[in-house]
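Below is one structure, written out as structure tokens, with a few remarks after it.
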Amino acid sequence: MQRYEIILWDVDQTLLDFTRSEDYALRNTFEQFGRQIDSETVALYSGINDSYWKRLERGEVTKQEVLLGRFYTLFERLSIEDIDVREFASAYQKALGSVYFYRDDSYRLCLELKKDYRQYVVTNGVTWTQRNKLRLSGFDKIMDDIFISEEIGSPKPYLEFFEKCFNRIPDFDREKTIIVGDSLTSDMLGGNRAKISCCWYNPEGKVRTDELNIDFQIKNLWEIKKILEKR
């Protein structure tokens, strides 16, 4: 008998390479507004963006404050005053949702797993952006359902997010469910709160400083097959 039957997949920086998409989207959006940026600007934005999402996970800001605040902060740091933040943020989200890059040939992996496991996406992020990326990448045809925090009404890592997802999964069994994701503060903490098995995707070999209960750790997504095949 299978130990696991349900896989919850994170998207950004797990199934798909968010860093590459972010780089493309930011450069593309600045070009739309008549500016060229360098890698230092991309790195600056990436750090600002990450800090805002961490604040959302801790309940310190709202989603809207994330989507606009990160650009207010970026423009302040760059002394940009002639670009409308709302227009820029809207253009950025469209650019971000228009491109995708697989990690570890993730599409083929999930396609192989589909015959034996039920798979679901659990993701924070903007609904249009996430759904468009999942449609373009083909994951929308593989996954049994897609759970986006903006639609659910609560973000990872909150228990409310997971409970609402579980209520929508037919014949849900907590003991037969595993979450796979790269974020300790979102995916793994959320998995702990939801009392499901956790698999940390850690390709860079980051060092942990937390006290989370992590059942498995992988550097390549295909390693999940060995975990799933164990009885």
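The values are calculated or read from the model by the stated rules, or taken from the named source; none is laboratory data. Owing to the predicted nature of the structure, the values given are computational and were not obtained by experimental measurement. Using ideal geometry, Cβ is built from the backbone for each residue, glycine included, and neighbour counts are taken over all protein chains shown.
Among the residues making up the range 35-54, a single one is modelled with pLDDT under 95 and more than 18 Å from Gln93 (Cα to Cα): Lys54. When you look at Thr127, is it crowded, with 21+ Cβ neighbours inside 10 Å and either modelled with pLDDT of 95 or more or more than 19 Å from Val180 (Cα to Cα) (or both), yes or no? So Thr127 fails the test. Set side by side, the residues Gly153, Gly205, Gly181 differ, and just one is within 24 Å of Asp50 (Cα to Cα), under 13 Å from the mean Cα position of the chain (by Cα) and either surrounded by fewer than 18 Cβ atoms within 10 Å (Cβ to Cβ) or not assigned by TED's automatic domain parsing to the domain that holds Val66 (or both), which is Gly181. Take the conditions (1) charged (D, E, K, R); (2) surrounded by 19 or more Cβ atoms within 10 Å (Cβ to Cβ); (3) free of Cβ contacts under 8 Å to residues at least 60 places away in the same chain; Lys115 misses just one of them, which is (2). A Cβ distance below 6 Å, combined with a sequence gap of six or more or placement on separate chains, defines the contacts here; from the range 207-231, residues that are closer than 13 Å to Asp187 by Cβ reach residues that are assigned to a loop (DSSP other than H, G, I, E, B) in the pairs Gln217/Asn202.
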